[in-house]
Amino acid sequence: MALKLEVWNGSGWIDKTDSCVSLRRQIRSNGVEELDGELVKDVVSVGQEIRLKEDDQIVFEGIVYEVDRRHRGRDVERCGFKAYDYLIKYDRHVVYRLYQTGTKAGEIIKDLASLEDGVDVSNVDDGDSLLSPWEIENQKALDVMKSVARGVNYWLRMKPGKILYFKPKQVGSAKATITDQIILDAEYSEDRWKLKNRVIYVGAGGEILADVSEGAGDLPVVVHDPFLTDKEEAERRAKIRLALNKEYGRSLRITMHQKDFKDLGIDLGDTCIINLPSVGLENENMVLLGIEYDPRSLRYRLEFGGRKELLEDWLDEQIGGDARLRQSPGFKGNRDT
């Protein structure tokens with residue numbers, strides 16, 4: 001698999017591959033895809049457009065967000081950089097909006113997406129509808145889009161070609177199976193205290209409005225919301241919280257040869273079946289959250305599961321309508337479809 005790193009200099013794409021000594025792609029907690037790298041005896045600049053190709057197929061394109069140039073002692077000059085996909089452009093738009101009751105989540109995303117030219121929104125799903133009018137004042141468009149995605153538990157991704165994806169965030173059908181036959185090493189960690197497989201919502205007057213569990217249901221979390229009275233809304237929130245909480249604290253890191261990774265045909269956000277009994281995982285569905293490239297040794301290091309860095313913002317009391325979601329809208333299921 002041939003990797004090519006290129007930056008735009010105003011008139012054309014310049015190849016930086018030969019000067020690149022490390023690369024890592026990952027999904028950040030805000031849904032933005034990040035590319036980190038280091039160059040030797042070469043530089044990039046903040047604001048430059050950058051892209052990464054695998055076998056001439058673009059897998060990442062975005063904007064250089066941060067640069068760290070270093071020269072220590074007899075070491076060669078080094079330039080570390082951090083780039084985000086084009087979704088980061090919405091961080092520079094401050095918006096005022098009023099969305100009426102019944103407005104679908106996808107409609108809000110499409111409206112805000114129109115702030116940037118050339119964005120393809122054909123992969124934006126409708127999602128749920130607003131429970132009540134939502135007035136937005138002096139907020140960054142990206143923050144609003146993130147709030148909407150949290151409220152309905154959707155992925156918000158900008159893929160190469162400025163194709164915006166707004167899809168249900170759930171473990172989908174597996175794209176591949178990973179066994180010990182193709183890995184070089186594996187490291188799995190799990191914080192059982194953080195994991196939750198049961199969510200109980202207690203509303204006004206101490207009434208239990210929802211009790212949702214998965215599996216044994218032996219790791220509960222109890223949410224007390226004295227302002228909540230609607231059982232349907234409580235169940236919706238409980239299901240979203242359960243979907244997020246059950247993965248929190250799990251992290252699997254594996255290393256494999258470049259050829260084996262290519263044969264799997266997977267990318268960030270894809271679901272894989274993990275069958276590694278040596279670390280206690282048998283036929284577990286996990287999501288690929290990070291890819292680290294080693295351009296010199298032709299090895300890939302992958303990160304799966306509920307990495308805290310990815311989910312911590314979603315779990316920081318940020319699900320629609322709770323006292324924990326003071327900035328985000330409450331949504332209801334769309335019964336029109």
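The values are calculated or read from the model by the stated rules, or taken from the named source; none is laboratory data. Note that the structure is a prediction, hence the values are computed from the model and not measured. Virtual Cβ from ideal backbone geometry, glycine too; neighbours counted across all protein chains shown.
Condition check for Leu228 on (1) within 22 Å of Asn123 (Cα to Cα); (2) at pLDDT below 85: one failure, at (1). The residues in segment 285-305 that are closer than 14 Å to Arg253 by Cα and not aliphatic (A, V, I, L, M) can be counted, and the count is 9. Close contacts from segment 53-80, counting a first residue that is under 30 Å from Gly118 (Cα atoms) and a second that is assigned to a loop (DSSP other than H, G, I, E, B) and polar (S, T, N, Q), with Cβ to Cβ under 9 Å and a gap of 6+ residues or different chains, come to Ile63/Gln48; Val64/Ser45; Val64/Gln48; Val67/Ser45.
The requirement of being surrounded by 13 or more Cβ atoms within 10 Å (Cβ to Cβ), of a type outside the set (Gly, Ala, Ser) and out of contact with any Asp or Glu (no Cβ under 9 Å at 6 or more places or on another chain) is not satisfied by Glu207. Among the residues of segment 242-265, the ones that are touching a Leu at 6+ places or on another chain (Cβ under 6 Å), at pLDDT 90 or above and surrounded by fewer than 19 Cβ atoms within 10 Å (Cβ to Cβ) come to 1 in all. Note on segment 210-241: among residues that are closer than 14 Å to Ile200 by Cβ and of a type in the set (Gly, Ala, Ser), the one that is surrounded by the most Cβ atoms within 10 Å (Cβ to Cβ) is Ala234. Scanning segment 86-109 for residues that are within 30 Å of Glu6 (Cβ to Cβ) and either out of contact with any Phe, Trp or Tyr (no Cβ under 7 Å at 6 or more places or on another chain) or among the aromatic types (Phe, Trp, Tyr) (or both) returns Tyr86, Leu87, Lys89, Tyr90, Asp91, Arg92, His93. Consider segment 206-218 and keep the residues that are in a loop (DSSP other than H, G, I, E, B) and farther than 25 Å from Tyr154 by Cβ. The one that is modelled with the lowest pLDDT is Ala216. If I go through segment 82-141 residue by residue, how many of them are touching a residue at least 40 places away in the same chain (Cβ under 8 Å) and of a type in the set (Asp, Glu)? Qualifying residue count for the region: 8.
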